[in-house]
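Here the structure is laid out as structure tokens; the discussion comes afterwards.
The values are calculated or read from the model by the stated rules, or taken from the named source; none is laboratory data. All values derive from a computational prediction rather than experimental measurement. So basically every Cβ, Gly included, is an ideal-geometry build from the backbone, and we count neighbours across all protein chains shown. The protein model used for the area step is the full one, side chains on, heavy atoms only, and it has no ligands, DNA or RNA in it. Shrake-Rupley method; radii C 1.70, N 1.55, O 1.52, S 1.80 Å.
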Amino acid sequence: MTQPPNRPVTLWGLPHSLYTGRARAYLRKQRIAYVERAPTDPGFAERVMPAIGRAIIPVVELPDGTIIQDTVDIIDHFEGEDGVPVPHPAYPGDARLLALAHLFELYAVVGLTRHAMHYRWSYLAEQELFLRDAFATGGDADRAEATMARMNSYLPMLGVDPATIPAIEESYHELLANLDAHFAVYPFLLGATPSIADYAMFGPLFAHLGRDPVPLGIMQREAPRVFRWVERMHAPDLDSVDFAQPAPAFPEDGLPDTLPPLLAQIAHELVPDMTDRLAFLRDYVAGHQPQPGDPVTDKPHRRVIGQVETSFRGVDYTGGVQPYTVFLWQRLIDAGRHPAATALFAAHELTPLVEVELPIRVARRDNIEVWA
């Protein structure tokens, strides 16, 4: 299904929404005409919620009325359209880089969502006026209060507690240093143009960590090149004026020196977490015997199927298990089966993330996750 010429799509979202930022950046970079509307607009309740069964953003509404929810589905829709080429394909053609892109995609959700939510809500007193104004967009004070309270309640599920907070903040400072070194040489994570890696990482690094006053101040003080990348990702063009033209491309026979520190941090933080989640998932499948096509939860708004005892940077915590992370993980596993990707991941201690068999797959159908 192609987009009619000169007719914009509608992006239902908000400026402070993590996943809206990801979708908005993609639409801008690919020169896809859109208008953005807040979910408090009456059209959201009239047309969108009946189609998806819950209040969630972002959602893209096509001119013909088609509803697409979730940033993966939104990007895949436009990447897959026949006859509507995008100027900067989001999926790398190189097998190594494609696997790396999916790795960053998984890390952004499993890892950086924790950072984003911690810095937003643990420092509420220092940035309360900014956040209350953001959450009141298109609504009223009572609605803003209720939404903020609900978001704040997610911290334990994400593993944000007094024991893990020092590790989370240590991780954020380390990540900024590693990214800053990389963006001194390359305008984007995998070279000269943005990929799904950039769109995924941009979500938390813009909407929370690159806008909320406390983490934004840390970013600007410690990692100015990361802040420039945030600006670059939100621009409607490549915005690479601070790089030579054309921007440098990745070497064909290896990785640049700027990436191994990033990959080492991801391996350190992601492998123990995902290993424990896999053990939980095996037990869950054995005990519940989910059937292909069944929704992963009993109601669309429920995203968690249980809790797992795991760790982050050596600190134990109890976190929620979301089937959506399985959906992202299997994309990485599929890409990691290519021999070039397998060798690359082995060289950087990432093998446990790609040479693994999941007991069940997760698919997206009718804007929800189902067992596949």
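Sort V241, V315 by accessible area with a 1.4 Å probe, largest first. Present the calculation step by step, with values, prior to reporting the outcome.
Numbers: V241 125, V315 35 Å².
Largest accessible area first, the list is V241, V315.
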Open item on the list: Counting C-alpha atoms alone, how compact is region 126-183: give Rg to one decimal and Dmax as a whole number, in angstrom.
Closed with: 15.5, 43
Task: Per-residue ³J(HN,Hα) for region 314-330, Karplus 6.51 cos²θ - 1.76 cosθ + 1.60, θ = phi - 60°, Hz, x for Gly and Pro - done: x, 9, 6, 7, 10, x, x, 9, 9, x, 4, 5, 5, 4, 6, 5, 5
Open item on the list: Taking amide H atoms as placed 1.01 Å from N in the peptide plane, list the residues 5 or more away in sequence, or in a different chain, whose amide H sits under 5 Å from that of V59.
Closed with: W12
Open item on the list: Projecting each Cα onto the charge dipole of region 58-108 (Lys/Arg +1, Asp/Glu -1 at the beta carbon, about the Cα centre), which of P85, A99, V60 comes out farthest on the positive side?
Closed with: A99
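Just how many % of Cα pairs in the chain lie over 25 Å apart, if you round to the nearest whole percent? Walk me through the numbers on the way to the answer.
Values: 38047 of 69006 pairs.
That fraction is 55 percent.
Can you give the helix-only mean residue ellipticity at 222 nm for the chain, where every DSSP H stretch with n ≥ 4 adds -39500 (n - 2.57) and the sum goes over all residues, rounded to the nearest 500 deg cm²/dmol?
Taking each H run of at least 4 residues, the total per residue is -15000 deg cm²/dmol.
How large is the charge dipole for the chain, taken about the Cα centre, if only the Cβ atoms of Lys, Arg (+1) and Asp, Glu (-1) carry charge, to the nearest 20 debye?
Numbers: 31 positive and 48 negative charges, 117 e Å.
Charge dipole, the chain, about its Cα centre: 560 debye, nearest 20.
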Task: Residues in region 310-346 that a label on D276 would reach, taking backbone N under 16 Å of a point 7 Å out along Cα→Cβ - done: 310-322
Open item on the list: Order H288, H173, H348 by their accessible area, 1.4 angstrom probe, all chains in place, largest first.
Closed with: H288, H173, H348
Task: Å² per residue, accessible surface of the chain at 1.4 Å - done: 41 Å²
- [ ] Grab the eigenvalues of the alpha-carbon gyration tensor for region 227-278, scale each by 5, take roots, and send me the semi-axes largest first in whole angstrom.
- [x] 30, 17, 9
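Of all the accessible heavy-atom surface of region 1-90, with the other protein chains kept in place and a 1.4 Å probe, what percent is carbon and sulfur? Mind dumping the intermediate values first?
On the way: 1980 of 3730 Å².
Here it works out to 53 percent.
Order 136-143, 73-80 from most to least packed using the mean count of other Cβ atoms within 10 Å.
73-80, 136-143
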Task: FRET efficiency for H77 and A125, using Cβ-Cβ distance with R0 set to 45 Å, rounded to 0.05 - done: 0.65
TODO: From largest accessible area down, sort Y186, Y91; use a 1.4 Å probe on the protein chains.
DONE: Y91, Y186
